[in-house]
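Structure first, then comments.
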Amino acid sequence: MKYRKIDSKYIIRIDKNEEIVASIEKVCIENKIQLGKITAIGAVNKVIIGLFKPEDRKYLSSELKGDFEITSLIGNITSKDNKPYLHIHINIADEKHRIFGGHLNLAMVSATCEVLVEEFAGNVERNFDEDIGLNLLKL
Ligand code: ZN
């Protein structure tokens with residue numbers, strides 16, 4: 001993974017066999033990014049995505065393997081317990097251009113991934129909400 005900062009933006013290249021969520025988290029830690037937005041495109045060959053089931057207060061997760069294009073990756077950076085907290089969703093397309101998507105837990109790069117992170121001033125924390133079962137934005 002390589003990155004360059006331009007003004008309040010980070011241009012990140014995540015390389016083959018590197019994991020996307022951990023790579024973005026590393027950039028956040030190294031640069032003390034507390035608030036921001038994430039967008040990316042690229043190619044992956046293994047992803048773990050989830051769907052939150054409100055009635056069970058749990059994520060149903062699936063692992064998908066094969067060649068996929070990231071047709072859209074979007075997320076935000078906030079903080080929890082003084083650490084960066086990434087919330088990312090992804091859409092991927094298979095060789096027949098069928099789309100799968102969900103809450104992103106893990107994605108392995110098969111060729112390259114191009115990420116743009118825009119940092120905002122200030123910070124927003126998260127709190128665990130007992131009713132919902134998720135770490136909600138504390139506003
Ligand atoms: Zn989510």
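The values are calculated or read from the model by the stated rules, or taken from the named source; none is laboratory data. The model shown is predicted, which means the values in this text are computed figures rather than measured ones. All Cβ positions, glycine included, derive from the backbone under ideal geometry; neighbour counts span all protein chains shown. The accessibility values were calculated without ligands, DNA or RNA, using every heavy atom of the protein model including side chains. Shrake-Rupley method; radii C 1.70, N 1.55, O 1.52, S 1.80 Å.
For this structure, a couple of remarks:
- Flag if residue 33 is outside any loop (DSSP other than H, G, I, E, B) and β-branched (Val, Ile, Thr): no
- With respect to the stated conditions, residue 3 is more than 15 Å from the ligand (Cβ to nearest atom), among the hydroxyl-bearing types (Ser, Thr, Tyr) and assigned to a strand (DSSP E or B).
- For segment 15-71, the candidate set comprises residues that are in contact with a Gly (Cβ under 9 Å, 6 or more places away or on another chain) and aromatic (Phe, Trp, Tyr); within that set, the residue that is farthest from the ligand (Cβ to nearest atom) is 59.
- Every residue from segment 1-53 that is open to solvent by less than 80 Å² (accessible area, probe 1.4 Å), among the basic types (Lys, Arg) and within 24 Å of residue 97 (Cα to Cα): 46
- Residue match in segment 109-116 (condition: within 14 Å of the ligand (Cβ to nearest atom), more than 22 Å from residue 132 (Cα to Cα) and at pLDDT 95 or above): no
- Within segment 72-84, tally of residues that are open to solvent by 60 Å² or more (accessible area, probe 1.4 Å) and within 12 Å of the ligand (Cβ to nearest atom): 1
- Evaluation of residue 57 against the conditions (1) over 17 Å from the mean Cα position of the chain (by Cα); (2) modelled with pLDDT of 95 or more; (3) surrounded by 12 or more Cβ atoms within 10 Å (Cβ to Cβ) shows that the sole unmet condition is (2).
- Restricting the first member to segment 52-69 and to residues that are part of a loop (DSSP other than H, G, I, E, B), and the second to residues that are surrounded by 12 or more Cβ atoms within 10 Å (Cβ to Cβ) and of a type in the set (Gly, Ala, Ser), the beta-carbon pairs closer than 9 Å and six or more apart or on different chains are 54/133; 56/133; 57/133.
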